[in-house]
């Protein structure tokens, strides 16, 4: 179908040194010298060049190399990938190009070279600065290693994000607070705070089933999320999305693309592509259509995703959406009554409750489009 | 042509549930060539899907087969397959009244069980000649000698000549047919007397109206006769008579001693009641055959559509099922919590389950059933009696002089080791021990008086699990007795939820209330606000629990591929909500309404 240009590009690197206990991403533990990785990267490069030839990369404004663990595949393959990318699109300095990195495999050489090849934002998978928690999560690194990796990264990169997890059974509020404070002290520009979700078929899920581990405690997760919001906002970070905090000017543009209905192209195993025009929105993953939405459903989805962000949606936008979603005004009035949404300066924004109990909020919006 | 009485044999096959009655009937049809092997389906006589699936017989059936015996004579056998479950005891008794003999099927591995005893008693009371048959002798665990002993000791039926058979392999079925010829008496009756025919079952056929299954006792009946049903005083013209082989085959007439069907053309099955007597309008008789009684429901439940739009379809479905089931009684009921629905009366728990399943399956309805209750007799001060079918109708405690509840005589058969376990359980359920008999060294019969309301909780499940599955149970209605009963209300967020209230013995109210609050706390998911749960009698709160407000319910990660997952999750959440009932602003899952039944864990 004729479609609007893609503006975000995602490249998936499905390899890790080992799988963490909570992880259900598409990735597998493969030794870094495996020829399997070589042929995967070659294939990925071919796809990039092919898409470039078709003109699909002409309007790309953000690139995200995620995984898996991109740094696990080593410098030479990363260089090959970045060369290919730089030759296939305008990888200008204003294009946000993020690469995920893990403390155990981030080296000085990688930092130096990928920065030189156009990566300008690094997302470091720290998860916690507490060794006990890291062990429980099955992470292949320690807190010291994470701090070391961060110092190395900071020699080149100024735009660095780290992930922190909360609500992990066994994690006390005190250790979570310490992790947040350490992150603040280390001077990163962006922090994502995720409550642990126990996904099916993960080692954690099995442990919970066998009774070897308690299930997640929603109250504790809520407490941690509230604590993170308090500490980070006091330290000058803005909460621009339910789980994302950034110093002014350092919001992740690529993530925002996902949340604002911008078409994105995903390359590599299980990477999702969103293609749309004004009549239809489709998501495709590994050649399979996973979503096929009508204009009304598109509008509802955009609203739902907008309500993850602190900016929320404007009154005008709501009024404008009424044509496709006739029940939208009563719905938002009701959400206000439930305390999930607040109308402020002409915009409907999620409240703290709206953030913590987002499914309640998104569910009502989702129901607007049949 | 009038059939020669001496060549007719009318008999039933009776058994405890699962002892293989229907399979045995199948083999008889096969062996007599009534049904070609290629047309044979399992349990041919169980015509409803639900009967075949659950392996139970709900409606009676009558099949005519011709059997050429070893003596060279051809006999007309009328085989009447009866329902095997206690809920349908009355229907069984009428079917038996249409016979001269019964084949008592006993499982060679299980031996005599409660319904074996109950059915054998019914057959003896009907003065039937009983042929014991030990079934499933092909199983490695079969113990025919032990079972013979049990039949002799426990039932006082000589079992030396018991037929050893296997419905599965067909072994012994020929012996059975010969035994029927020689042991079961030919019917007696006066062919010249005015017509008297017993209705032992009836059903509604969309094309022909109500069809009755009858046994002609005296006289004869044919197409065009003007007949009258004595109990209902309904008159109609006979549209057709015939026999089932098992397909309906019209005959010129049904004469004395014969069993067959009669097409009435009537539109309402309640005009053609089981147990009633058919006679001719002109030159008929006026004394009915003995044994007729009105069938009354024992168990009541509220049935509510989960989706309010399904009220009318539910009503139509109940109307349709009632056409065929005069025991199904219903009236509209309104619940503040559940909206518009029906109070439905059933013969028993199985009957209830079967109807609910048929409503859901055959009519595509999503139903919510409230906890079953019984009919209480409430005497107001001043003497007026109210029949209470629903806790909602309970008058103010100040106006009540006394309440009576239905009691059952229950018969439990168990190996002697479990006497203690049954004693504990049944006393705990307010049962009164009557007596105990050793039927054999391995089987004890315990007799109890127990309130029906206790039995319809999970008593049978508990009895089975406390006796490792050995216990078998049979019961019959005994009468009403006074009890110290109170209505227990459940309040959610301070509001009484009528559909959750129930009537309970006062001594048990506190415990039930406490456990139920705990159960509901587990069942009701956390909501956006705190939900207090209270159990109360009158205004007095006995127990309280709180479902805390939900604090976190969000998928934090939401990147490219996660968005699809998120949509799926929200769809699931929506489907989950659909299975809940919104009461005020509280979402209550369906299980909550059945939680009352599971308060003993």
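The values are calculated or read from the model by the stated rules, or taken from the named source; none is laboratory data. None of these values were measured; they are calculated from a predicted model. Neighbour counts run over all protein chains shown; Cβ positions are idealised from the backbone, glycine included.
When region B:527-540 is examined, which residues are found to be away from chain A (no Cβ under 11 Å), touching a residue at least 12 places away in the same chain (Cβ under 8 Å) and either closer than 21 Å to residue A:217 by Cα or assigned to a strand (DSSP E or B) (or both)?
The answer is B:530, B:531, B:532, B:533, B:534, B:535, B:536, B:537.
Just the residues that are in contact (Cβ under 8 Å) with a residue 24 or more places away in the chain and touching a strand residue (DSSP E or B) at 6+ places or on another chain (Cβ under 6 Å), please, taken from region A:326-345.
Scanning region A:326-345 gives A:335, A:341.
If you take the residues of region B:109-160 that are farther than 18 Å from residue B:413 by Cβ and assigned to a helix (DSSP H, G or I), which of them is modelled with the lowest pLDDT?
Filtering region B:109-160 for residues that are farther than 18 Å from residue B:413 by Cβ and assigned to a helix (DSSP H, G or I), the one modelled with the lowest pLDDT comes out as B:125.
Out of contact with any helix residue (DSSP H, G or I) (no Cβ under 7 Å at 6 or more places or on another chain), without any contact (Cβ under 8 Å) to a residue 12 or more places away in the chain and over 30 Å from residue B:290 (Cα atoms): does that describe residue B:138?
Judged against the criteria, residue B:138 is not a match.
Considering each of B:308, B:257, B:283 in turn, give the residue that is touching a strand residue (DSSP E or B) at 6+ places or on another chain (Cβ under 6 Å), exposed (fewer than 15 other Cβ atoms within 10 Å of the Cβ) and either at positive phi or modelled with pLDDT under 85 (or both).
From the options B:308, B:257, B:283, the qualifying one is B:308.
Return only the number of the condition from (1) in contact with a strand residue (DSSP E or B) (Cβ under 6 Å, 6 or more places away or on another chain); (2) within 13 Å of chain A (Cβ to nearest Cβ); (3) over 30 Å from residue A:265 (Cα atoms) that residue B:524 does not satisfy.
It fails just one condition, (2).
Counting only residues that are closer than 15 Å to residue B:7 by Cβ and more than 31 Å from the chain's Cα centre (by Cα), which one in region B:172-182 is surrounded by the fewest Cβ atoms within 10 Å (Cβ to Cβ)?
B:182
Quickly run through region A:244-262 and pick out the residues that are without any contact (Cβ under 8 Å) to a residue 24 or more places away in the chain and within 11 Å of chain B (Cβ to nearest Cβ).
The answer is A:255, and nothing else.
Given the structure, is residue A:241 in contact (Cβ under 8 Å) with a residue 60 or more places away in the chain and either more than 9 Å from chain B (Cβ to nearest Cβ) or within 30 Å of residue A:174 (Cβ to Cβ) (or both)?
It is true that residue A:241 is in contact (Cβ under 8 Å) with a residue 60 or more places away in the chain and either more than 9 Å from chain B (Cβ to nearest Cβ) or within 30 Å of residue A:174 (Cβ to Cβ) (or both).
Pick from region A:143-153 the residues that are surrounded by fewer than 18 Cβ atoms within 10 Å (Cβ to Cβ) and in contact with a helix residue (DSSP H, G or I) (Cβ under 9 Å, 6 or more places away or on another chain): which of them is nearest to residue A:71 (Cα to Cα)?
A:147
Here is a list: A:323, A:315. Which entry is over 18 Å from residue B:571 (Cα atoms), in contact (Cβ under 8 Å) with a residue 24 or more places away in the chain, away from chain B (no Cβ under 14 Å) and surrounded by fewer than 17 Cβ atoms within 10 Å (Cβ to Cβ)?
A:315
Only one of A:66, A:55 is assigned to a loop (DSSP other than H, G, I, E, B) and free of Cβ contacts under 8 Å to residues at least 60 places away in the same chain; which?
Among A:66, A:55, only A:55 is assigned to a loop (DSSP other than H, G, I, E, B) and free of Cβ contacts under 8 Å to residues at least 60 places away in the same chain.
When you check residue B:572 against the structure, is it more than 9 Å from chain A (Cβ to nearest Cβ) and assigned to a helix (DSSP H, G or I), yes or no?
Answer is yes for this residue.
Please go through region B:437-462 and give me each residue that is part of a helix (DSSP H, G or I), touching a strand residue (DSSP E or B) at 6+ places or on another chain (Cβ under 9 Å) and without any contact (Cβ under 8 Å) to a residue 60 or more places away in the chain, ordered by number.
B:454, B:455, B:459
Any idea how many residues of region A:268-303 are under 29 Å from residue A:351 (Cβ atoms) and facing another protein chain (nearest Cβ under 8 Å)?
Total satisfying the criteria: 3.
Tell me which of these residue B:556 doesn't satisfy, since it passes every other one: (1) away from chain A (no Cβ under 14 Å); (2) under 28 Å from residue A:302 (Cα atoms); (3) crowded, with 17+ Cβ neighbours inside 10 Å.
Every condition holds for residue B:556 apart from (1).
Name the single residue, out of those in region A:90-103 being modelled with pLDDT of 95 or more and part of a loop (DSSP other than H, G, I, E, B), that is farthest from residue A:48 (Cα to Cα).
Per the criteria, the residue is A:103.
Considering only residues of region B:463-473 that are at pLDDT below 80 and touching a strand residue (DSSP E or B) at 6+ places or on another chain (Cβ under 6 Å), which is surrounded by the fewest Cβ atoms within 10 Å (Cβ to Cβ)?
Among those that are at pLDDT below 80 and touching a strand residue (DSSP E or B) at 6+ places or on another chain (Cβ under 6 Å), it is B:470.
Quick one: which residue in A:335, A:265 is more than 9 Å from every other protein chain (Cβ to nearest Cβ), under 17 Å from residue B:559 (Cβ atoms) and crowded, with 19+ Cβ neighbours inside 10 Å?
A:265
From the residues in region A:346-368 that are under 14 Å from residue A:305 (Cα atoms) and in contact with a strand residue (DSSP E or B) (Cβ under 9 Å, 6 or more places away or on another chain), which one is nearest to the other protein chains (Cβ to nearest Cβ)?
Ranking the qualifying residues of region A:346-368, first place goes to A:358.
Out of curiosity, is residue B:515 more than 9 Å from chain A (Cβ to nearest Cβ) and not in a strand (DSSP E or B)?
Yes: the conditions hold for residue B:515.
Residue check, residue A:174 against (1) more than 30 Å from residue A:93 (Cβ to Cβ); (2) crowded, with 22+ Cβ neighbours inside 10 Å; (3) more than 14 Å from chain B (Cβ to nearest Cβ), all met but one. Which one?
Only one criterion is unmet by residue A:174, namely (2).
Look through A:225, A:220, A:165 and report the one residue that is crowded, with 17+ Cβ neighbours inside 10 Å, touching a strand residue (DSSP E or B) at 6+ places or on another chain (Cβ under 7 Å), farther than 22 Å from residue A:142 by Cα and at pLDDT 90 or above.
On inspection, the qualifying residue turns out to be A:225.
Can you name the residue in region A:185-210 that is in contact with a strand residue (DSSP E or B) (Cβ under 7 Å, 6 or more places away or on another chain) and within 11 Å of another protein chain (Cβ to nearest Cβ) and is also farthest from residue A:167 (Cα to Cα) among such residues?
Among residues in region A:185-210 that are in contact with a strand residue (DSSP E or B) (Cβ under 7 Å, 6 or more places away or on another chain) and within 11 Å of another protein chain (Cβ to nearest Cβ), the one farthest from residue A:167 (Cα to Cα) is A:192.
Quick check: anything in region B:313-321 closer than 19 Å to residue B:213 by Cα, in a helix (DSSP H, G or I) and either in contact (Cβ under 8 Å) with a residue 12 or more places away in the chain or in contact with a helix residue (DSSP H, G or I) (Cβ under 7 Å, 6 or more places away or on another chain) (or both)?
Scanning region B:313-321, I find at least one residue that is closer than 19 Å to residue B:213 by Cα, in a helix (DSSP H, G or I) and either in contact (Cβ under 8 Å) with a residue 12 or more places away in the chain or in contact with a helix residue (DSSP H, G or I) (Cβ under 7 Å, 6 or more places away or on another chain) (or both), so the answer is yes.
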